[in-house]
Amino acid sequence: MSTRTVIPMGPQHPVFPEPLQLKLSLKDEKIVDVAPALGYVHRGIEKAAEKNDFTQNVFLVERICGICSFIHAVCYCMAIEDIMKIELPPRANYLRVIWGELHRLHSHMLWLGLLADSFGFESLFMKFWEIRERILDILEKTTGARVIISACAIGGVRRDISDEHLQEILTVIDKCEKELNGIIPVVMSDTTVKRRTVGVGVIEKEKAIHLGIVGPVLRASGIAQDARMTGYGAYKYLDFKPVVEESGDCYARAVVRAKETYQSIGLLRKAINQLPSGDILTKYKGNPGKAAAVSRVEQPRGELIYYVEGNGTKNLERVRVRTPTFSNVPALSKMLPGMELADAPVIVLSIDPCISCTER
Amino acid sequence: MTQTDTQPQEKQFPVLEGAENITIDNLTARVKKLDEEGYRLLTATCLDRGEKYEIYYHFDKDLTMLHLRLLVNKEEEVPSLSLIYLCAFLIENEMKELFGVKFSGLFVNYGGRLFLGEDSDITPMLKCVDC
Amino acid sequence: MFLNSGNTVLIVFMAVFVAPLIGGLLMGIDRILSARLQGRIGPPILQPFYDMMKLMSKKPISGTKIQIICVFVYLVSMILSLVLLMTGQDLLVMVLVLAMGSIFFILGGFSVKSPYSNIGAQREILQVLAYEPLIIFYVVAIYLKTGSFMTFKVFELKDPLLYSMPLFVVALIIIMVIKLRKSPFDLSTSHHAHQELVKGITTELSGRHLAVIELVHMYEMALLMVLAMLLFATNLWIGLALGLFCLFATIVIDNITARLTWSDMLRFAWKIGVPITALNLAVIYYFSIIKK
Amino acid sequence: MANFLGAVIENLFKKPATRPYPFTKREPFKDARGLIKFDGDKCVYCGACSKKCPAAAIRVERAEKALYFEPFKCVTCGFCVEVCPKDAINQEFEYRKPDYSKSIEKYGPSAVPAPAKTEAPPSQA
């Protein structure tokens, strides 16, 4: 029994929503080595973005990720607006924040549910997804689609949110907050949940930077880094403070995301109260010139970076996408060894892997 | 885009604002210094510039970004940063695979089979795929 | 009532043919109840039978012959132990036959190459280790009360066993949690531990061989119910209610806990389950001495 | 351990949150982005929609006065509706129904009746 077993975890595995393979070498039930294998959903989107018209790319980059799609589009549009020197109307900036935070809210809810599922807590999983469904409904009401909402456009947004819908968003998030108050503290103090997450997959503060981790994983290791701190879009008016935890284990990552859901609700309330009236789209002319721009925004999974370079035609010279999971995957090779096989699903999920993002 | 293929010399390429030029020889030393100063490696962007590769390394410290710009000939080997920043191994493997950039001292080498299939023999992100 | 030889044939018939139907129905109820606790509608009550029918209609592609033999031995021993229990035979023999079935199941898990199956088999051993002492204690307690290992003696008692062995309800719930593969101890295979082991010990089984495993689960469910009914043998309806209560408790526990690891399971079963049952045993023993 | 008990028991006596989907359907929301429909009479076959479609699902043949639409390529982004100069494109609230084959819809002026669905592949991929 003490010989090494190699478990091919994935590419088809119930715990991964997307195809990723981890070859886990086990000694009894202890993981001694791990080798990630990617490449199951590489779609060549970076290349396709060079072939497309730059306006079409807004819809293309949205499809990089099925969960934080809108934020991809925002980041791409920000880069193009930087190159073409387009000023956004203030209302558009706020609307982007509102939709962005709604996306973060439903993504975190999805993640909390998946985490619960990874250690076999089905009722909790269903509860989180039940709450998530309300947010998806409000997204569909305001934009016309549930997840890939295609609401962003270069120079602003494509749809406006009516006052009636704004009120509805407020009531929905009030309701969500009330329901979350019922379950999040319960979950965070549950003995069995703590037993599975505390001290699992620890990344110390010192190692964090060298592993290149980003987003909630980095913040759970005690480093206050959040692209929203740069104040892009309307965030500069919303008095944003990042959520930081110190212990760097799966529990800290869950706590960071749980607190961020409350933070998102707060940001949404603030943004809706401050929402200025006016235009939602700036008209622009011509093609992006010969210039390059780097833009970064905060996705639910971490920091997203776009490098966009124009060449004066309607096509772009280069679109480079750095997604958060791409940075977080190398950290798995440091988190997994030494843990039990039973911890593997929890640890892998704790970085919130989005493989379609990673491979593009 | 076809212009790139026919007249690469005449084409003027934009340079990212505020980028710091760097060469193969002082890349490792510069990055080591940045590491000591507490910079995070965000990512690297590779661009096909006809005869050369242009590689941007993006760093961040306290919300300020710093870009290093490296121009190398297509045959030259670029020293890998994966021993300084572990996360660089995925980024470099990706460049190696999609652009054909040569790296020395890669920490984990996927051998060009990170994203592409076993039978793939092209570097798809180059401007002219067939060469 | 179990002594009548004319009845015996009927009881054997019940054990072999009616018990799985009841077990399947209980599994269906289990699934609906689990769904409702999770806020879902859930499958129709006959879903376990539909699953079986679908599995039967599929072409089996199984790993090794040994595993298939093991699976059938597992089925036979499960039926046999149920028959032994229901015809009022020796409880110790019943426990041994039950354990033998489990061992064959585990051997089958080890006989294939899949690492998932092997690890599932290892965990199944640990599960057997965790619940077996509790069943043995249960049998010993019955022996202390009736002075015999024969089940039919239970039915001759005036007072139901529950009055003197209340703590064994806890033991029974622990056994059910492990046997029915519910959280927090759903480790080796199952509809639930898929996050770690996909299909665990049954990974390499398919088609009608997997249907056999489902059938075994149905017998298992019936067996657990009969075990619970023994606690209230004077009125079998109350006994059944007790069994259903244990099942409900198991389902609720499934939905309010996360899955723990195998070491936690052993620790829990040995540190909490064993002392509780041992305490009850000691009390029974004490009173039996006083009586004398 | 028993922290979640309350929520679970509450669920038991509550109406389930799920829907038996094909039997009970939720009404589509107003302004939901669903099926794309063209109006062959209003259309001037300028080709703006086909140029802007990110999924290359529309092909316009000017000479033929015909518009080929591949509904299974469409990503329902609604960009074509936005760019159409003649408002000849409508987006319905309903979602696309599943089908056995990826058929191609052909639209043209109603004076020349054309089959609504054809199996002919488009000339360019």
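Between the range A:121-161 and the range D:36-69, the C-alpha centres lie 30 angstrom from each other.
What FRET efficiency comes out for the pair D:LEU12/C:LEU21, r = Cβ-Cβ distance, R0 = 22 Å, nearest 0.05? Display every interim value, and only then the final one.
On the way: r = 26 Å, r/R0 = 1.18.
Once rounded, the FRET efficiency stands at 0.30.
Couplings 3J(HN,Hα) for the range A:131-138, derived from phi with the Karplus relation 6.51 cos²θ - 1.76 cosθ + 1.60 (θ = phi - 60°), are 5, 4, 4, 4, 6, 4, 4, 5 Hz, where x marks Gly and Pro. Distance between the C-alpha centers of the range A:180-198 and the range C:62-86? Whole Å please. Going from one Cα centre to the other spans 40 Å.
Where Lys and Arg each count +1 and Asp and Glu each count -1, what net charge lies around C:GLY39 among other residues with Cβ under 11 Å from its Cβ? Don't jump to the answer; show the numbers that get you there.
Working: positive: A:LYS127, C:ARG36, C:ARG40, D:LYS14, D:LYS15; negative: A:GLU122, A:GLU130, A:GLU133, D:GLU10.
Spelling it out: positives minus negatives among the neighbours equals +1.
Going 7 Å from the Cα of C:LEU244 toward and past its Cβ, which residues in the range C:210-238 have a backbone nitrogen under 20 Å from where you end up? Flagged as within label range: C:218-238.
First measure r as the distance between the Cβ atoms of D:VAL44 and D:ASN90, then evaluate 1/(1 + (r/R0)^6) with R0 = 25 Å and state the FRET efficiency to the nearest 0.05.
After rounding, the FRET efficiency stands at 0.95.
Please compute the average number of Cβ atoms from other chains found within 10 Å of each residue's Cβ in peptide A:306-313. Write out the running numbers ahead of the final one.
Details: counts 1, 9, 1, 8, 1, 7, 3, 2.
Per residue, the number of nearby Cβ atoms from other chains is 4 on average.
The sum of -39500 (n - 2.57) across all DSSP H runs of n ≥ 4, divided by the residue count of chain D, sets its helix-only mean residue ellipticity at 222 nm to -3500 deg cm²/dmol.
Please compute the net charge surrounding B:ILE22, taking Lys and Arg as +1 and Asp and Glu as -1 over other residues with Cβ under 12 Å from its Cβ. Before the final figure, lay out the partial values.
Details: positive: B:ARG30, B:LYS33, B:ARG69; negative: B:GLU20, B:ASP25, B:GLU54.
Here the charged neighbours net out to 0.
The rule of thumb for compact globular proteins, 2.2 N^0.38 Å, goes into the C-alpha radius of gyration of the protein assembly as shown 1.09 times.
Orientation-averaged projection of chain C equals 15.0 nm² [convex hull of Cα atoms, one quarter of hull surface area]. Could you work out which residue, out of A:GLY248, A:GLY212, A:GLY100, moves most in a Gaussian network model of chain A, that is, has the largest mean-square fluctuation with Cα springs under 10 Å? Largest GNM mean-square fluctuation: A:GLY212. In angstrom, the C-alpha Rg and Dmax of the range A:141-294 are 19.3, 60. Among residues other than D:PHE93 with Cβ under 11 Å from its Cβ, the summed charge is -3 (Lys and Arg +1, Asp and Glu -1).
Kindly flag which residue pairs out of A:LYS178/B:LYS61; A:LYS141/A:LYS285; A:LYS141/D:LYS52; A:LYS194/C:LYS271 have an alpha-carbon separation exceeding 27 Å in this structure. Intermediate values should be presented prior to the final figure.
Numbers: A:LYS178/B:LYS61 38 Å; A:LYS141/A:LYS285 31 Å; A:LYS141/D:LYS52 25 Å; A:LYS194/C:LYS271 20 Å.
Over 27 Å apart, Cα to Cα: A:LYS178/B:LYS61; A:LYS141/A:LYS285.
The label-point distance for B:LEU63 and B:GLU20, in a model that sets each label 7 Å from Cα toward Cβ, rounds to 2.1 nm. The radius of gyration of the Cα set in chain A, together with its Dmax, comes out at 20.5, 70 angstrom.
Which entries of A:LYS236/A:LYS259; A:LYS85/D:LYS86; C:LYS199/D:LYS25 show an alpha-carbon separation above 25 angstrom in the structure shown?
On the way: A:LYS236/A:LYS259 20 Å; A:LYS85/D:LYS86 31 Å; C:LYS199/D:LYS25 34 Å.
Long pairs (Cα-Cα over 25 Å): A:LYS85/D:LYS86; C:LYS199/D:LYS25.
Working from label points 7 Å from Cα in the Cα-to-Cβ sense, the D:GLU27 to A:LYS290 distance is 5.8 nm. The relative contact order of the range B:16-131 comes to 22 percent, based on Cα pairs under 8 Å that sit 6 or more residues apart.
Model label points for A:ASP137 and A:LYS27, set 7 angstrom from Cα along the Cα-to-Cβ axis, are 5.3 nm apart.
Cross-link partners of B:LYS96 among aspartates and glutamates, defined as those whose alpha carbon lies under 18 angstrom from its own and excluding same-chain residues fewer than eight positions apart: A:GLU46, A:GLU359, B:ASP48, B:GLU51, B:GLU54, B:GLU75, B:GLU76, B:GLU77, B:GLU118, B:ASP119, B:ASP121, B:ASP130.
We did not get these values from a lab; they are worked out from the coordinates using the rules stated. What you are looking at is a predicted structure, and each value in this text was computed from that prediction instead of being measured. Neighbour counts run over all protein chains shown; Cβ positions are idealised from the backbone, glycine included.
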